[in-house]
Amino acid sequence: MSDDHTHVQEFFTARAADWDARFPDDGPAYAAAVADLGLRPGDRVLDAGCGTGRALPPLRAAVGPSGVILGADLTPAMLEAGVRAGRHLDGQLLLTDVAALPLRTGSLDAVFAAGLIAHLADPAGNLRELARVVRPGGTLALFHPIGRAALAARQGRQITPADLRAEANLGPLLTGSGWRMTSYVDEDSRFLALAVRTA
């Protein structure tokens, strides 16, 4: 396991037990972001870096009983917290790295990724892997329940020009990784970048 993976696992393992309790009011923001993804009944969706699976209930509501929901995360403790919360009932939880997904090429309709991009060791390569598993025309949502400025303030840091989530950086990163950004919102109340898988 790379040092990056070890760091991510250590960071989230230490926080898994009370993760949901730390952010109890995020549910409506998750539901709104899932709604913006434009899912249809029967769609196949991956929650990449799913953590405790907070997106799984609104994803299940969007795709209905005939849809397929997968939640992938690198940290066992986060997935275990998701099981304790009953979220495994809304989708299959996978202990796996989004850099090497055990999924067929083009097998999904969409990817939802909450708070993921800041933790990717190789953002361009990892976004290409997400593109690989999505059919052409499928969609990607890069989401955070608060915007970049609010998140930086919470973490006691400043936003830098190199921030991957800045529109000027994210658009080209997505384009070079098999995606085309279709919308971008960065407000105090949420961050949401939507993209379409190019052919």
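The values are calculated or read from the model by the stated rules, or taken from the named source; none is laboratory data. Because the structure is a prediction, the values reported are computed rather than measured. Neighbour counts are summed over all protein chains in view; Cβ atoms, including those assigned to glycine, are modelled from backbone coordinates with ideal geometry. These accessible areas exclude ligands, DNA and RNA; they are computed on the full protein's heavy atoms, side chains included. Shrake-Rupley method; radii C 1.70, N 1.55, O 1.52, S 1.80 Å.
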How large a share of the accessible area of segment 117-199, in percent, is made up of carbon and sulfur atoms when the probe is 1.4 Å and the other protein chains stay in place?
54 percent
If amide H atoms are built 1.01 Å from N in the plane of the peptide, which residues on other chains or at least 5 residues away come under 5 Å of the amide H of residue 106?
133, 134
For residue 157 and residue 66, what is the calculated FRET efficiency with R₀ set at 41 Å and r taken between the beta-carbons, to the nearest 0.05?
0.40
Run the paramagnetic zone check for residue 40: 7 angstrom along Cα to Cβ, then residues of segment 109-142 with backbone nitrogen under 19 Å.
109-112, 134-141
Determine the share of segment 11-90's accessible area contributed by carbon and sulfur atoms, expressed in whole percent, with a 1.4 angstrom probe.
58 percent
If I compute semi-axes √(5λ) of the Cα gyration tensor in Å from the structure I just sent, which labelled value in [x] 30, 22, 14; [y] 28, 20, 14; [z] 21, 21, 17 lines up?
[z]
Relative packing of 65-71, 46-52, which averages over residues the other C-beta atoms within 10 Å, highest first:
46-52, 65-71
Counting only protein heavy atoms and rolling a 1.4 Å probe, one gets per residue an accessible area for the chain in Å² of 46 Å²
